[in-house]
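See structure below.
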Amino acid sequence: MHVVVIGCGRVGSELASALEHGGHSVAVVDKNDRAFRRLGPGFAGRTIVGFGFDRDHLAQAGIEDAGAFASVTNGDNSNILCARIARETYGIEHVVARIYDPRRALIYQRLGIPTVATVAWTTDQVLRRLLPGETSHDWVDPTGRIGLVERTIPAKAIGKKLAKLNRPGRFWLTAVTRFGKAQIVTADLIGQEGDVLVFVSDMDGLDELQKHIESGGGD
């Protein structure tokens, strides 16, 4: 696949190198030609000095042949503009914009533009390490309705079938990490000490989920 990357900072350069190592063709656009030094001498993709919202510069990057597009400059407005042009003008299906403001990120997610909210993600990762027992969820969909949550198995669930922890329509146990290895939950899987449980849950039901798993799923 041909991928166009806008911005050759730390994120853009690492992304471009990773894509190239994965066997994809890559074109990188940046307004500063010195930024391309980050790509290293082995980079074989295209480098274009310019802007991700300029049609001539996008044409040089091979936008017409691109199957994916990422705008990861340090400007939210530029990234959203570039992403919208890629999606709406060139019809590229796989488009991602890097956004620093998490409030904007949520708005654009709801408009159908996938975003990566850098500040929100970094803050979340730091909090997970500072306060591992206080994280309410690991991921939430753009509408804020459905989340992915991790919970350590409580004593009452050890030795019981983990399927008892499910509550259809509210939360569902999907995976377990055991001895550092993740596995999909089967109907007969028995809980063991140290298990980390991964649920898909209605975000309004987190308190209910916590009470339910602490009870071991009932009788």
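Taking the numbered list (1) without any contact (Cβ under 8 Å) to a residue 60 or more places away in the chain; (2) under 28 Å from the mean Cα position of the chain (by Cα); (3) surrounded by 14 or more Cβ atoms within 10 Å (Cβ to Cβ); (4) more than 30 Å from residue 113 (Cβ to Cβ) in turn, residue 189 passes all entries but (2). The residues of the range 145-168 that are loosely packed, with under 12 Cβ neighbours inside 10 Å, in contact (Cβ under 8 Å) with a residue 24 or more places away in the chain and closer than 21 Å to residue 202 by Cβ amount to a single one, 145.
Take the residues of the range 58-108 that are in a strand (DSSP E or B) and touching a residue at least 60 places away in the same chain (Cβ under 8 Å): which is farthest from residue 6 (Cα to Cα)? Lay out the reasoning, then the answer.
The first filter runs over the range 58-108 and keeps only residues in a strand (DSSP E or B), leaving 66-71, 94-99.
Applying the additional criterion that residues be touching a residue at least 60 places away in the same chain (Cβ under 8 Å) yields 66-71, 98.
Working: 66: 13, 67: 14, 68: 11, 69: 8, 70: 6, 71: 4, 98: 10 Å.
Selected residue: 67.
In the range 9-29, the qualifying residues are those that are modelled with pLDDT under 95 and buried (at least 24 other Cβ atoms within 10 Å of the Cβ), and the one that is nearest to residue 40 (Cα to Cα) is 16.
Of 61, 44, which residue is in the same structural domain as residue 94 (by TED's automatic domain parsing) and touching a Lys or Arg at 6+ places or on another chain (Cβ under 7 Å)?
61
Hey, among the residues in the range 46-102 that are of a type outside the set (Val, Ile, Thr) and out of contact with any strand residue (DSSP E or B) (no Cβ under 9 Å at 6 or more places or on another chain), which one's surrounded by the fewest Cβ atoms within 10 Å (Cβ to Cβ)? Filtering first and then ranking leaves 91. Residue count for the range 195-219 under the criterion of being over 15 Å from residue 160 (Cβ atoms) and outside any strand (DSSP E or B): the result is 9. No other residue among 182, 175 is exposed (fewer than 14 other Cβ atoms within 10 Å of the Cβ), within 28 Å of residue 115 (Cα to Cα) and in contact with a strand residue (DSSP E or B) (Cβ under 7 Å, 6 or more places away or on another chain) apart from 182. For residue 176, the conditions (1) within 22 Å of the chain's Cα centre (by Cα); (2) closer than 30 Å to residue 108 by Cβ; (3) outside any loop (DSSP other than H, G, I, E, B) all hold with the exception of (2).
The values are calculated or read from the model by the stated rules, or taken from the named source; none is laboratory data. The structure presented is a predicted model; accordingly, all values stated were derived computationally and were not measured. Every residue, glycine as well, gets a Cβ built from its backbone with ideal geometry; the counts of neighbours run over all protein chains shown.
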